[in-house]
1. Given the criterion on the phi < 0 side of the Ramachandran plot and open to solvent by 50 Å² or more (accessible area, probe 1.4 Å), identify the matching residue among Asp97, Asp109, Asp89.
2. Can you confirm whether Trp13 is in contact with a helix residue (DSSP H, G or I) (Cβ under 6 Å, 6 or more places away or on another chain) and open to solvent by 10 Å² or more (accessible area, probe 1.4 Å)?
3. Restricting the first residue to region 1-19 and requiring it to be within 12 Å of Pro98 (Cα to Cα), which pairs with a second residue that is of a type in the set (Lys, Arg) and surrounded by 12 or more Cβ atoms within 10 Å (Cβ to Cβ) meet a Cβ separation below 6 Å and a spacing of at least six or different chains?
Amino acid sequence: MATYLLTWNPKKWDWETLDDDLNTFRTEGLWVTSWSCGNRKAIFPEDRVFLIKQGPKTPRGIFASGYVTHGPKTARHFTDDSKQAKYIDIEFDVLLDPRTDVLPRERLDSTPFSSVNWSTQSGGIVIAPAVVPELESQWAEHVRLHG
């Protein structure tokens, strides 16, 4: 099982259903959706994903985690109808409000996380296996305090 970073930048895509999706998660304890995985072709069911909020507005950081349920498929690009993009199906086991409850980007810039490109413009980058145990630990603590 590999671990990947997916991205959301409110400046590039307006998440119009965010409040509904948060309510679904709070009610059902799970949120199921498709998300862009950049150009990554080798993401498989049961791989782990984290979703990070990017862009100029704070807070920025990780606000969701889940597991892939279906590998990449090609569909219409989320911002440009004339292009195609790759998407994976995900069951998110945590979805926090990215406007208030993120694992702060500042914490991710420190060791051992500094080896990961948290500023990537494209989702689907691999999070190094050596970093994953500490990321899971920090994430679990953040969710315990804010989830």
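The values are calculated or read from the model by the stated rules, or taken from the named source; none is laboratory data. Given the structure is predicted, the values throughout are model-derived calculations rather than measurements. All Cβ positions, even for glycine, are placed from backbone atoms using ideal geometry, and neighbour counts span all protein chains on display. Protein only, heavy atoms only, side chains kept; ligands, DNA and RNA dropped before computing areas. Shrake-Rupley method; radii C 1.70, N 1.55, O 1.52, S 1.80 Å.
1. Details: Asp97 fails: open to solvent by 50 Å² or more (accessible area, probe 1.4 Å); Asp89 fails: open to solvent by 50 Å² or more (accessible area, probe 1.4 Å).
Only one candidate qualifies: Asp109.
2. No.
3. Trp8/Lys53
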